[in-house]
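These notes are about the structure you will find just below.
Coordinate-derived values only; no laboratory data. This one's a predicted model, so the numbers in the text were calculated from it and none came from an experiment. Every residue, glycine as well, gets a Cβ built from its backbone with ideal geometry; the counts of neighbours run over all protein chains shown.
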């Protein structure tokens, strides 16, 4: 399995404001944001962890959105190239399953990614360059853009649901509510975190099989947004 790298050697901070040189680096800020979770980090909490004032962070990243963009560069770099996961002669079932497994893996590496991704289609924004080769491989097999859009969105939504349940097992906050790390994915039986991760992986595989089997029977079409189309000049958002 591809090991998470969290390579932080070349972050792209926003234009820095004038002031005394901070006692931390852009890498430090990104690392703390990723640790807190892409969906939940705040500049004030990162500043507290680094032992500095929040205003000091604004000399490196002038907004939460700018920091999130820098974090997403790290996320995108984590995805394995399609050519390393899918053989040239793979059918659409193998391609979709490989994409789902890779997306599931990366969501597990970066807490909160599933929540960020749920707010945008998998082919949108920062995911755009990651998604394009997968879309093109499916299109080369005669799958329409509307069918690809439906399949990707359906897999994303199912993965998001499983990752939300995994948040409970991992002891992540849900607003003001805390969950027991031993809370199970099964009916009333508590399990440890490692067993829970394994159970979730099994459920993910079953979900992928179910979605693909459904597509083999009937493949609906959802009208894709403008930036989805290969000839589009529309710029996707983050």
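Projecting the alpha carbon convex hull of segment 24-137 along each direction and taking the average yields 7.1 nm². Applying 0.36 nm per residue to the separation of residue 195 and residue 216 and subtracting their alpha-carbon distance, the gain on full extension is 4.4 nm.
The slack in the chain from residue 136 to residue 77, taken as 0.36 nm per residue of separation less the alpha-carbon distance, amounts to 19.3 nm. With the simple model of a label 7 Å out from the Cα in the direction of the Cβ, residue 87 to residue 62 spans 5.2 nm. Report note on the peptides 205-215, 142-152: ranked by the mean count of other C-beta atoms within 10 Å, highest first, their order is 142-152, 205-215.
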